[in-house]
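*Asks:* Quick one: structure below, then a few questions.
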């Protein structure tokens, strides 16, 4: 290895920890900004006002009813699939009530499924309105804010 090559690799090793720290800082920055915004909105009382407005808007656009329907469908679907499993294996579930429905779905399973589906079901117009309200309430002026999805 020639002298310039050794110096170059040595230089890269010396700067690698600095580059890693910079990358970690850049990754943490949006979290810090989100936390600061959340703290500001909470301290000023805007968080509650925004939450109430968003809830009302989701009811108005039919999202809430659709989410409730989705939850009912999920419970029924899981109940049917588990009921079929118990039909094939009746002796394992003797005395357990079998049947499916609400008894066969854990809250954790339902929340996990519905969190993803619920976010996807929010109309784009409602997303834009909510983002505009957050930006205005957070005091942002002329700043490009990119929505995370």
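*Asks:* Test of understanding: among 144, 87, which residue is loosely packed, with under 14 Cβ neighbours inside 10 Å, at pLDDT below 70 and assigned to a helix (DSSP H, G or I)?
*Replies:* Step by step, each of 144, 87 is checked, and only 87 is loosely packed, with under 14 Cβ neighbours inside 10 Å, at pLDDT below 70 and assigned to a helix (DSSP H, G or I).
*Asks:* If you don't mind, there's one more thing I want to ask. Just checking, how many residues over the stretch 113-128 are loosely packed, with under 11 Cβ neighbours inside 10 Å and either closer than 15 Å to residue 68 by Cα or modelled with pLDDT under 70 (or both)?
*Replies:* Residues that pass the stated criteria total 4.
*Asks:* Here is a further query. Answer yes or no as to whether residue 79 is surrounded by 11 or more Cβ atoms within 10 Å (Cβ to Cβ), modelled with pLDDT under 90 and part of a loop (DSSP other than H, G, I, E, B).
*Replies:* In short, no.
*Asks:* Please enumerate the residues belonging to the stretch 31-56 that are within 15 Å of residue 131 (Cβ to Cβ) and touching a residue at least 24 places away in the same chain (Cβ under 8 Å).
*Replies:* 37, 41, 46, 50, 53, 54
*Asks:* Being at pLDDT 90 or above, within 30 Å of residue 134 (Cβ to Cβ) and part of a helix (DSSP H, G or I), is that true of even one residue in the stretch 91-108?
*Replies:* yes
*Asks:* Report, by residue number, each residue of the stretch 43-72 that is loosely packed, with under 13 Cβ neighbours inside 10 Å and assigned to a loop (DSSP other than H, G, I, E, B).
*Replies:* Result: 45, 62.
The values are calculated or read from the model by the stated rules, or taken from the named source; none is laboratory data. It should be emphasised that the depicted structure is a prediction, and the values quoted were computed from it without experimental measurement. Note: ideal-geometry Cβ built from the backbone for every residue, glycine included; neighbour counts use all protein chains shown.
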